[in-house]
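Enquirer: Please see the structure below; I have some questions.
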Amino acid sequence: MRIALWKPALLVAVVLAVCIYDGAPAKAHHAFGSEFDANAPVLLKGKIAKIEWINPHTWIHVEITKADGAKETWMVEGGSPNTLLRRGANKNTFPEGTDVVVDGYQARDHNERRANARNVTFPDGRKLFLGMTGTGAPDPEAFDAGKAKTLNDTDKDKDKEKKQ
Amino acid sequence: MTIQQILEWIESTHLSLAIREGGLPYPVLGGVHLLAIAWFGGVLLASDLRLLGWLMPQRRFSDLWYQFQPWKRIGFVVVVSTGLLLAWAEPVRLWGSPNFWIKMTLFALVGVHAWVFHASVYGQPEKMDAGVTSRAKLAAVLSLALWSGMVLTGRLIAFDDSFEPKIPDVTPVTSHADGH
Amino acid sequence: MPIEFYRWLVNSPWSHLLNSSEWVFPVVQTLHFIGFALSIGTIAIVDFRLLGLGMKRQSAADLAADLEPWTRLGIAVMLITGPLMFSTDAVAYHYNPSFQFKMVCLAFALLFHFTLRRWAVRSDAPPVAAGLVAVMSLLLWAGVVAGGRMIAFI
């Protein structure tokens, strides 16, 4: 049976063309490395502004206060509801207004106020791992707190502590 | 009633909440949708590859076609119903999703494709027994392209940017300058 | 496998390729889906035939012989696209229990496919044996797909 090569070639070309048309606008979350920057750890200290308890990813919006007093809200991506439920969290674990510390990795576009969360620490010291194993987030052991960019004004915090 | 109101009503239903916020329903529906894609996609691939003369060329096209039909139908029903349920979970987001609309356009084109090629190919499969026409081969190539496109854009729906503003728009929690 | 192996995969050129751009990974993943439609789809057609459901104008042996090249092509596509995607996050993936479950199912599914099932298909096994083999095959491959889906949710 002779196989005319142009036939499979045409087929592959058509399928690939259909796949590739969708170039720039689409962002694929579905590989940590293509969405978030493993070399840009961030530390967010602020209040929970909003929790989006939805599939496929939960989102926690954290409002931080910057040096000049301006407020900035970041959105941090957590695991799916199922992932968090298995760790003992639920929709009500993140009430608005709660002071939290979130560590994670910033989006590749550093202009975006978006990050992939690793841990959230609550006022009572409880720590919850928000990440999803299998999304490509870096080695759980590898988070370098020393390198993390703290996005709040820590000097201001120290002043407050002194006053108290 | 505006579209927005209808979509928001859908999102407020128990069914929608259960899938959107629940632990297992969303991934399970997704898994069944995937299995149905394997099933329906497999039969479709077999059918199109037969038209191209690459799969089971020694068997009569009409023979295979009639045997594939019930399986195609079952697979199609499962794919579409799981798809509908997944859509029921987040209609507001899907409405604003470019990938969703491209996928639906491709789906509509699938209907157009069936209509265009009905007389010459699918309506009378016995016609292909004597020899598969080039028109039929074109139909097969287009079918493969359309369905591959649907799989790709379907995958991209869950991960596109459309529902996540880069600058989150949330009312400030605090109103005091010192942050407390 | 030592952790260094997985780290090496994460830092491999192909891993960087998939991570560098927004669309490479989803295209590879879509090829993964088309690959399993081809492989698991054709496997399922034969399995259902073993169960006496559908495609009855051919014997299971004939059907399997006709479809086997395509099943293998599908498996080849999976075994290329899978490790490519795995490489992008090898360290995290290998810890993931759902991924581990998937790999166990895959190993058994492949082993089963090329041994017991092959025998059952070619030797025109009696209906009960054929049925059991078919159910086992379907369950193992369904486990692979389900395990794959749940990776992101565990």
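The values are calculated or read from the model by the stated rules, or taken from the named source; none is laboratory data. The shown structure was predicted, so the numbers you read here are calculated from the model rather than taken from an experiment. All Cβ positions, even for glycine, are placed from backbone atoms using ideal geometry, and neighbour counts span all protein chains on display. Note: areas computed on protein heavy atoms with side chains; ligands, DNA, RNA excluded. Shrake-Rupley method; radii C 1.70, N 1.55, O 1.52, S 1.80 Å.
Enquirer: Regarding A:Asn90, is this residue open to solvent by 30 Å² or more (accessible area, probe 1.4 Å), at pLDDT 70 or above, of a type in the set (S, T, N, Q) and within 19 Å of C:Asp89 (Cβ to Cβ)? Outline the logic, then answer.
Expert: Numbers: open to solvent by 30 Å² or more (accessible area, probe 1.4 Å): yes; at pLDDT 70 or above: yes; of a type in the set (S, T, N, Q): yes; within 19 Å of C:Asp89 (Cβ to Cβ): no.
Judged against the criteria, A:Asn90 is not a match.
Enquirer: Sort out which residues of region B:53-105 are of a type in the set (Phe, Trp, Tyr) and in contact (Cβ under 8 Å) with a residue 12 or more places away in the chain, and write them in order of number. Spell out how you get there, then give the answer.
Expert: We begin by selecting, within region B:53-105, every residue of a type in the set (Phe, Trp, Tyr); these are B:54, B:61, B:65-66, B:68, B:71, B:76, B:88, B:95, B:100-101.
Listed by number, the residues that qualify are B:Phe61, B:Trp65, B:Tyr66, B:Phe68, B:Trp71, B:Phe76, B:Trp88, B:Trp95, B:Phe100.
Enquirer: Give me the helices (runs of 4 or more DSSP H) completely within region C:73-154, filtered to those with at least 3 residues that are of a type in the set (A, V, I, L, M) and modelled with pLDDT of 90 or more, ordered by residue number. Walk me through how you get there before you give the answer.
Expert: Details: elements: C:90-95, C:97-114, C:116-122, C:127-150.
Those helices (runs of 4 or more DSSP H) span C:97-114, C:116-122, C:127-150.
Enquirer: Also, I was wondering about something else. Given A:Gly79, A:Gly125, A:Gly97, which one is open to solvent by 10 Å² or more (accessible area, probe 1.4 Å), out of contact with any strand residue (DSSP E or B) (no Cβ under 8 Å at 6 or more places or on another chain) and not hydrophobic (A, V, I, L, M, F, W, C)? Lay out the reasoning, then the answer.
Expert: On the way: A:Gly79 fails: open to solvent by 10 Å² or more (accessible area, probe 1.4 Å); A:Gly97 fails: out of contact with any strand residue (DSSP E or B) (no Cβ under 8 Å at 6 or more places or on another chain).
Unique residue meeting the criteria: A:Gly125.
Enquirer: For region B:45-69, name all the residues that are under 19 Å from the mean Cα position of the chain (by Cα) and within 8 Å of another protein chain (Cβ to nearest Cβ).
Expert: Going through region B:45-69, the residues under 19 Å from the mean Cα position of the chain (by Cα) turn out to be B:45-48, B:69.
Result: B:Leu45, B:Ala46.
Enquirer: Still on this structure, please answer the following. Of a type outside the set (A, V, I, L, M, F, W, C) and on the phi > 0 side of the Ramachandran plot: which single residue out of B:Gly53, B:Gly75 fits that description? Break it down into steps so the answer makes sense when it comes.
Expert: Values: B:Gly75 fails: on the phi > 0 side of the Ramachandran plot.
Within the list B:Gly53, B:Gly75, the selection yields B:Gly53.
Enquirer: Follow-up. Is one or more of the residues making up region C:11-32 more than 9 Å from every other protein chain (Cβ to nearest Cβ), part of a loop (DSSP other than H, G, I, E, B) and either among the acidic types (Asp, Glu) or open to solvent by 20 Å² or more (accessible area, probe 1.4 Å) (or both)?
Expert: The answer is yes; a qualifying residue exists.
Enquirer: Taking the condition of being part of a helix (DSSP H, G or I), over 22 Å from the mean Cα position of the chain (by Cα) and of a type in the set (S, T, N, Q), how many residues in region B:8-44 meet it?
Expert: 1
Enquirer: Within region A:136-145, is even one residue open to solvent by less than 70 Å² (accessible area, probe 1.4 Å) and either modelled with pLDDT of 85 or more or under 30 Å from B:Leu17 (Cα atoms) (or both)?
Expert: Checking region A:136-145: at least one residue is open to solvent by less than 70 Å² (accessible area, probe 1.4 Å) and either modelled with pLDDT of 85 or more or under 30 Å from B:Leu17 (Cα atoms) (or both).
Enquirer: Tell me, which residue of region B:53-62 that is open to solvent by less than 20 Å² (accessible area, probe 1.4 Å) and either part of a loop (DSSP other than H, G, I, E, B) or hydrophobic (A, V, I, L, M, F, W, C) (or both) is farthest from C:Phe36 (Cα to Cα)?
Expert: Applying the first criterion (open to solvent by less than 20 Å² (accessible area, probe 1.4 Å)) to region B:53-62 yields B:55-56, B:61-62.
Next, from what is left, pick out any that are either part of a loop (DSSP other than H, G, I, E, B) or hydrophobic (A, V, I, L, M, F, W, C) (or both): B:55-56, B:61.
On the way: B:Leu55: 17, B:Met56: 19, B:Phe61: 24 Å.
Filtering region B:53-62 for residues that are open to solvent by less than 20 Å² (accessible area, probe 1.4 Å) and either part of a loop (DSSP other than H, G, I, E, B) or hydrophobic (A, V, I, L, M, F, W, C) (or both), the one farthest from C:Phe36 (Cα to Cα) comes out as B:Phe61.
Enquirer: As an exercise: evaluate A:Tyr105 against (1) surrounded by 17 or more Cβ atoms within 10 Å (Cβ to Cβ); (2) modelled with pLDDT of 90 or more and give the number of the one condition it does not meet.
Expert: (2)
Enquirer: Tally time: how many residues in region A:79-111 are within 9 Å of another protein chain (Cβ to nearest Cβ), under 28 Å from C:Arg149 (Cβ atoms), part of a loop (DSSP other than H, G, I, E, B) and without any contact (Cβ under 8 Å) to a residue 40 or more places away in the chain?
Expert: Final tally of qualifying residues: 0.
Enquirer: Of everything in region A:112-122, what is assigned to a loop (DSSP other than H, G, I, E, B) and open to solvent by 20 Å² or more (accessible area, probe 1.4 Å)? Give them in sequence order. First the steps, then the outcome.
Expert: Step one: of region A:112-122, the residues assigned to a loop (DSSP other than H, G, I, E, B) are A:112-113, A:122.
Matches in region A:112-122: A:Arg113 only.
Enquirer: I'd like to check something: does region B:86-94 contain any residue that is assigned to a helix (DSSP H, G or I), in contact with a Lys or Arg (Cβ under 9 Å, 6 or more places away or on another chain) and at pLDDT below 90?
Expert: Within region B:86-94, not a single residue is assigned to a helix (DSSP H, G or I), in contact with a Lys or Arg (Cβ under 9 Å, 6 or more places away or on another chain) and at pLDDT below 90.
Enquirer: Sticking with this one: Can you give me the number of residues within region B:112-131 that are without any contact (Cβ under 8 Å) to a residue 60 or more places away in the chain and either under 10 Å from B:Arg60 (Cα atoms) or aromatic (Phe, Trp, Tyr) (or both)?
Expert: To start, the set of residues in region B:112-131 that are without any contact (Cβ under 8 Å) to a residue 60 or more places away in the chain comprises B:112-120, B:122-124, B:127, B:130-131.
When the remaining residues are screened for being either under 10 Å from B:Arg60 (Cα atoms) or aromatic (Phe, Trp, Tyr) (or both), the result is B:115, B:117, B:122, B:130-131.
Of the residues in that region, 5 qualify.
Enquirer: Being open to solvent by 50 Å² or more (accessible area, probe 1.4 Å), among the small types (Gly, Ala, Ser) and more than 10 Å from chain A (Cβ to nearest Cβ) narrows it down to one of B:Ser134, B:Ser120, so name that one.
Expert: On the way: B:Ser120 fails: open to solvent by 50 Å² or more (accessible area, probe 1.4 Å).
Among B:Ser134, B:Ser120, only B:Ser134 is open to solvent by 50 Å² or more (accessible area, probe 1.4 Å), among the small types (Gly, Ala, Ser) and more than 10 Å from chain A (Cβ to nearest Cβ).
Enquirer: Any residue at all in region C:51-66 that is hydroxyl-bearing (Ser, Thr, Tyr) and in a helix (DSSP H, G or I)?
Expert: Of region C:51-66, the ones hydroxyl-bearing (Ser, Thr, Tyr) are C:59.
With in a helix (DSSP H, G or I) added as a condition, the list becomes none.
No; the residues of region C:51-66 include none that is hydroxyl-bearing (Ser, Thr, Tyr) and in a helix (DSSP H, G or I).
Enquirer: Please verify whether C:Leu73 is within 11 Å of chain B (Cβ to nearest Cβ), surrounded by 21 or more Cβ atoms within 10 Å (Cβ to Cβ), within 24 Å of C:Cys105 (Cα to Cα) and not β-branched (Val, Ile, Thr), treating the condition exactly as stated.
Expert: Working: within 11 Å of chain B (Cβ to nearest Cβ): yes; surrounded by 21 or more Cβ atoms within 10 Å (Cβ to Cβ): no; within 24 Å of C:Cys105 (Cα to Cα): yes; not β-branched (Val, Ile, Thr): yes.
Considered against the rule, which asks whether it is within 11 Å of chain B (Cβ to nearest Cβ), surrounded by 21 or more Cβ atoms within 10 Å (Cβ to Cβ), within 24 Å of C:Cys105 (Cα to Cα) and not β-branched (Val, Ile, Thr), C:Leu73 comes out as no.
Enquirer: Looking only at region B:12-52, count how many residues are farther than 17 Å from C:Met55 by Cα, open to solvent by less than 30 Å² (accessible area, probe 1.4 Å) and free of Cβ contacts under 8 Å to residues at least 24 places away in the same chain.
Expert: So the answer is 6.
Enquirer: Sort out which residues of region C:76-89 are of a type in the set (A, V, I, L, M) and more than 9 Å from every other protein chain (Cβ to nearest Cβ), and write them in order of number.
Expert: At the first step, the residues of region C:76-89 found to be of a type in the set (A, V, I, L, M) are C:76-80, C:84-85.
Result: C:Ala76, C:Val77, C:Met78, C:Leu79, C:Ile80, C:Leu84.
Enquirer: Separate question: Of all residues in region B:86-108, how many are within 12 Å of chain A (Cβ to nearest Cβ), of a type outside the set (Asp, Glu), more than 16 Å from B:Ser148 (Cα to Cα) and surrounded by 18 or more Cβ atoms within 10 Å (Cβ to Cβ)?
Expert: Final tally of qualifying residues: 4.
Enquirer: I've got another one for you. Every residue in region C:54-70 that is more than 9 Å from chain B (Cβ to nearest Cβ) and either exposed (fewer than 14 other Cβ atoms within 10 Å of the Cβ) or at pLDDT 95 or above (or both), please.
Expert: Of everything in region C:54-70, just one residue is more than 9 Å from chain B (Cβ to nearest Cβ) and either exposed (fewer than 14 other Cβ atoms within 10 Å of the Cβ) or at pLDDT 95 or above (or both), namely C:Ser59.
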